[in-house]
Amino acid sequence: MAQDVLCEVFNCVHNREGKKCEASEIFVVSHKGKSASTQEETDCKTFEPAGL
């Protein structure tokens with residue numbers, strides 16, 4: 001798991017020092033149901049599709 005999760009949403013309760021997420025878990029959603037093909041189809045900037 002990633003050691004540092006960066007966040008630019010300053011008003012989130014989990015945001016520390018205006019740049020790092022301190023949440024105990026991360027929840028990523030897809031705008032296309034249960035799978036996605038591109039980063040733009042998710043709410044995660046680090047999304048990369050798994051090998052097809």
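The values are calculated or read from the model by the stated rules, or taken from the named source; none is laboratory data. Given the structure is predicted, the values throughout are model-derived calculations rather than measurements. All Cβ positions, glycine included, derive from the backbone under ideal geometry; neighbour counts span all protein chains shown. The accessibility values were calculated without ligands, DNA or RNA, using every heavy atom of the protein model including side chains. Shrake-Rupley method; radii C 1.70, N 1.55, O 1.52, S 1.80 Å.
Data overview
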read-out: Translational diffusion of the chain, µm² s⁻¹ [Kirkwood Rh, Cα pairs; Stokes-Einstein; 25 °C; 0.890 mPa s]; value: 199
read-out: Cysteines, the chain, no other Cys beta-carbon under 4.7 Å; value: Cys12, Cys44
read-out: Fraction of accessible area attributable to carbon and sulfur, the chain (%, probe 1.4 Å); value: 52
read-out: Cut-off under 5 Å, modelled amide H: who pairs with Thr42 long-range; value: His31
read-out: 1.4 Å probe accessible area per residue over the chain, in Å²; value: 94
